[in-house]
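Below is one structure, written out as structure tokens; the observations come after it.
The values are calculated or read from the model by the stated rules, or taken from the named source; none is laboratory data. From a predicted model like this one, the values you see are computed outputs, not experimental measurements. Don't worry about glycine lacking a Cβ; one is built from the backbone with ideal geometry, like all the others, and counts go over all protein chains shown. These area figures cover heavy atoms from the full protein model, side chains too; ligands, DNA and RNA do not enter into them. Shrake-Rupley method; radii C 1.70, N 1.55, O 1.52, S 1.80 Å.
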Amino acid sequence: MAKTKTQYVCGACGHVEIKWMGRCPGCGEWNTLIEETVAPVRTGPVTGVRMQPMPIESIPPQTEQRVRTGLAECDFVLGGGIVPGSLMLIGGDPGIGKSTLLLQLSQSIATQNKRVLYVSGEESANQIRLRAERLGTVHQNLYVLAETDLDLVVESASALKPDFLIIDSIQTVFRPSLTSAPGSVAQVRECTGVLLRLAKQQNIATFIVGHVTKDGAIAGPRMLEHMVDAVLYFEGERHHMYRVLRAVKNRFGSTNELAVFEMHDDGLREVSNPSLLFLSERDRAVPGSAVVAAMEGRRPLLLEVQALVAPTGFGTPRRMSTGADHSRVSMLLAVLERRLGLQVQASDAYVNVAGGVRVDEPAVDLGIALALVSSHRDRPLAVGDLYIGEVGLTGEVRTVTRLAERLREAHKLGFTRCLIPAGQSLSETFSGLEIVPIKSLQDAIQRAF
């Protein structure tokens, strides 16, 4: 009989070591190696039916029959709906509304004469019933199971044969055959593998909820995100009503799509025009405020960028940003000081993207730079102006992608002037929207003020 062995697996990257170490050699994180038991490897001839390789032309094509979720914004993020047999992972901070969103999706799917099995390892059946009554999601096709034993969950799903399965959450379920505790690397990896086989073999669309770490990433090994078909992040501030559903991986649609919801007492409500929502409170010209156009997947999103430049009270000035890339903000401050002579070396600089949205693309550089200049000079920018462009280290304004979509959104919301890179070719015209081509950041400041 083979001897049972132990190994140490990193909870951040999945790196395996034969002995415990304080720091993971794979990713460099500290205190992430967790002990787990390795089952003996069976030796002998391979039994069972072998799949033979076949030419791809001989494989019969199949048409995707997507299931609508009842929420148009959620369908947009998923690429048109839920694909049967797919395995999707959704993560988010505690209390952000993951269970609320999935319970609303369950009710919408149940009304389409499809069975839904909601498995909860964190709440009792009575608690789920109380929340369903508050949200108005009680339906006869919605089944609830409060269980953490994954073997019993698979047995119940095989007997019920649901069209939609929800596991809330993957860190609470476990397999009794493994000696590791629930939530460990071994349990999370094994349970996800079992659910993957269940989804593919029985054609059950499965949603699994994953906890997130203090850094905002889904807890567990990184290979967990490679096993699933789609990875969704449910983001937002717990004390604000806005919630953002973002797709970072989707095998059946576009990635980096975004949907915005409002949290109310009776559940989540869709926001069909996020740009109008984020700009609704910007009704007057104030120093340090500028509007930029960001692309979230296929959707243009107009956002307000706020900047504050104030004299520092300490020896070293502070540089802080919320919703924008901190390194790019520091780079823009250096360009403004070196190329334009803006004296900010003795001032604190704060940048915030209103609405709690995070943007990382360089097309918002021009708006951030002009907002910093506006705050430093204490002079407001025009309310009807929009700024699009990437700023280089020499102070030039570089071209961006999908400019026409950004301008259509600006024209729809009533903007009157837009500053764009001079090297950008544009064949479409917009009545009432003045297009101002600019070559450098110096040129943009002269036009903006």
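Are any residues in segment 227-256 part of a strand (DSSP E or B) and not aromatic (Phe, Trp, Tyr), and if so, which ones?
Selection gives ALA230, VAL231, LEU232, GLU235, ARG243, VAL244, LEU245, ARG246, ALA247, VAL248, LYS249, ASN250.
Looking at segment 417-437, can you tell me whether even one residue there is touching a helix residue (DSSP H, G or I) at 6+ places or on another chain (Cβ under 9 Å), within 15 Å of PRO287 (Cα to Cα) and either in a loop (DSSP other than H, G, I, E, B) or not small (Gly, Ala, Ser) (or both)?
Within segment 417-437 (the criterion being touching a helix residue (DSSP H, G or I) at 6+ places or on another chain (Cβ under 9 Å), within 15 Å of PRO287 (Cα to Cα) and either in a loop (DSSP other than H, G, I, E, B) or not small (Gly, Ala, Ser) (or both)), the answer is no, since none of the residues qualifies.
I'm checking my understanding of the structure. Among residues of segment 408-432 that are of a type in the set (A, V, I, L, M, F, W, C) and over 17 Å from ALA290 (Cα atoms), which one is least open to solvent (accessible area, probe 1.4 Å)?
PHE430
When both residues are 6+ apart or on different chains and their Cβ atoms are under 8 Å apart, which pairs have a first residue that lies in segment 239-268 and is basic (Lys, Arg), and a second that is assigned to a loop (DSSP other than H, G, I, E, B) and open to solvent by 60 Å² or more (accessible area, probe 1.4 Å)?
Taking only residues 6 or more apart or on different chains, the pairs are ARG246/ASN256.
Residues of segment 106-118 being assigned to a helix (DSSP H, G or I) and within 16 Å of ARG134 (Cβ to Cβ), which ones?
Once the filter is applied, which keeps residues that are assigned to a helix (DSSP H, G or I) and within 16 Å of ARG134 (Cβ to Cβ), segment 106-118 yields SER106, GLN107.
For segment 367-376, state whether one or more residues are open to solvent by 20 Å² or more (accessible area, probe 1.4 Å), more than 11 Å from ALA294 (Cα to Cα) and not aromatic (Phe, Trp, Tyr).
yes
Take the residues in segment 154-176 that are surrounded by fewer than 22 Cβ atoms within 10 Å (Cβ to Cβ) and among the β-branched types (Val, Ile, Thr); name whichever of them is farthest from the chain's Cα centre (by Cα).
Among those that are surrounded by fewer than 22 Cβ atoms within 10 Å (Cβ to Cβ) and among the β-branched types (Val, Ile, Thr), it is VAL154.
Which count do you get for residues in segment 273-303 that are over 18 Å from the mean Cα position of the chain (by Cα), in a loop (DSSP other than H, G, I, E, B) and not β-branched (Val, Ile, Thr)?
Residues flagged as over 18 Å from the mean Cα position of the chain (by Cα), in a loop (DSSP other than H, G, I, E, B) and not β-branched (Val, Ile, Thr) within segment 273-303 amount to 10.
Here is a check on your reading of the model: is LEU78 buried (at least 21 other Cβ atoms within 10 Å of the Cβ), closer than 19 Å to GLU270 by Cα and within 26 Å of the chain's Cα centre (by Cα)?
Considered against the rule, which asks whether it is buried (at least 21 other Cβ atoms within 10 Å of the Cβ), closer than 19 Å to GLU270 by Cα and within 26 Å of the chain's Cα centre (by Cα), LEU78 comes out as yes.
Those residues that are surrounded by 14 or more Cβ atoms within 10 Å (Cβ to Cβ) and over 12 Å from ALA294 (Cα atoms), I need them from segment 383-407; list them, please.
Hits for segment 383-407 are VAL383, GLY384, ASP385, VAL391, GLY392, GLY395, GLU396, VAL397, ARG398, THR399.
Please go through segment 119-129 and pick out each residue that is of a type outside the set (A, V, I, L, M, F, W, C), assigned to a helix (DSSP H, G or I) and closer than 14 Å to TYR143 by Cβ.
Correct list: ARG129 only.
What's the total number of residues in segment 90-143 that are over 24 Å from VAL228 (Cβ atoms) and open to solvent by 30 Å² or more (accessible area, probe 1.4 Å)?
Within segment 90-143, residues that are over 24 Å from VAL228 (Cβ atoms) and open to solvent by 30 Å² or more (accessible area, probe 1.4 Å) number 14.
Which members of segment 310-357 meet the condition of being surrounded by fewer than 13 Cβ atoms within 10 Å (Cβ to Cβ), out of contact with any Pro (no Cβ under 8 Å at 6 or more places or on another chain) and assigned to a loop (DSSP other than H, G, I, E, B)?
GLY313, PHE314, GLY315, THR316, ARG318, GLY341, GLN343
Evaluate segment 246-256: report whether one residue or more is touching a His at 6+ places or on another chain (Cβ under 9 Å) and either farther than 25 Å from LEU302 by Cβ or at pLDDT 80 or above (or both).
Yes - at least one qualifying residue is present in segment 246-256.
Taking the residues in segment 272-309 that are open to solvent by 70 Å² or more (accessible area, probe 1.4 Å) and polar (S, T, N, Q) as candidates, determine which candidate is farthest from GLN343 (Cα to Cα).
Within segment 272-309, the match that is farthest from GLN343 (Cα to Cα) is SER272.
Return the only residue of PRO55, PRO84 being under 30 Å from SER108 (Cβ atoms) and either polar (S, T, N, Q) or modelled with pLDDT of 90 or more (or both).
PRO84
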